[in-house]
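Each reported figure results from applying straightforward, stated rules to the coordinates on display, with no laboratory input. Remember, predicted model here, so these are calculated numbers, not experimental data. With ideal geometry, Cβ positions are generated from the backbone for all residues, glycine too; neighbour counts draw on all protein chains shown.
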Amino acid sequence: MEVALLIAQTVVTGALAAWLTLGVRDNLLHPSINETYTAEVLEMTRMREEYPEAFAQVAHRAVKDRRLQMLAFKTVVGAELAASLLLWIATACLALAVFGILSADSARAAGILGATAFTSIWAGFLVIGNHFSYWFSHEGTQNTHFQMTLWGLGTIILNAQS
C-alpha cells in the first residue's frame, strides 16, 4: 500500500509540475497572450465597457500604469517558474521515495510545499481578481483559477497521506 500511495503522490505532483511548466513556457515564449489579459483585468477594461454603472463605483481600483501591469505579469511568471521548479524537485523526491532512496516523509513534505506554491498562485489570482471585480466579465478565467486551486488543494491533501 505504501508504494502504491507514493506512486500516486508522484504522478499527481508531476502532473501539477507538467501543467504549470507548460504555462510558464508559454508565458516566456509568447508573453503577449496572457499579459494582454492581465492588463485587461488590472485596467478593469471589460467591466468598464459592459457594466459602466458598477465600474463607476470601483474605478479607483483600476491600474492603468503600463509599468505596473508589466511588473505584475513578470511577478506572476516568476512565481510560476519557482513553483514549477519546486514541483519538479518534489516529483523527483517522491520518485526516489518509491524506490526507498529517500524518506517518504521528506518526499511528501516536498510534495506538500510544491503543491502549496501551485495552489497559492491560483488562490492569489482569485483574491486579486476579486479586488478588480473580474467576476463581472472574466467568469471563465475565475472558474479556471478556482479549479486550479482545488486541484492544488487535492494534491496537498493526497501528499499529506501516509
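Brief remarks on what is shown
- Among (1) 62, 54, 29; (2) 50, 44, 25; (3) 60, 27, 19, the entry derived from the coordinates for Cα extents along the principal axes in Å: (3)
- As computed over the range 89-157, the Cα convex hull volume per residue (Å³): 70 Å³
- Here the gap between A18 and K74, fully extended at 0.36 nm per residue and compared with their Cα-Cα distance, gives a gain of 18.1 nm.
- Shown here for the range 1-84: trypsin sites (Lys or Arg not before Pro) in loop regions (DSSP other than H, G, I, E, B) with at most 13 other Cβ atoms within 10 Å, namely K64.
- Environment charge at V24 (Cβ cut-off 14 Å; Lys +1, Arg +1, Asp -1, Glu -1): -1
- Net dipole in debye of the range 21-93 [+1 Lys, Arg Cβ; -1 Asp, Glu Cβ; about Cα centre; nearest 20]: 240 debye
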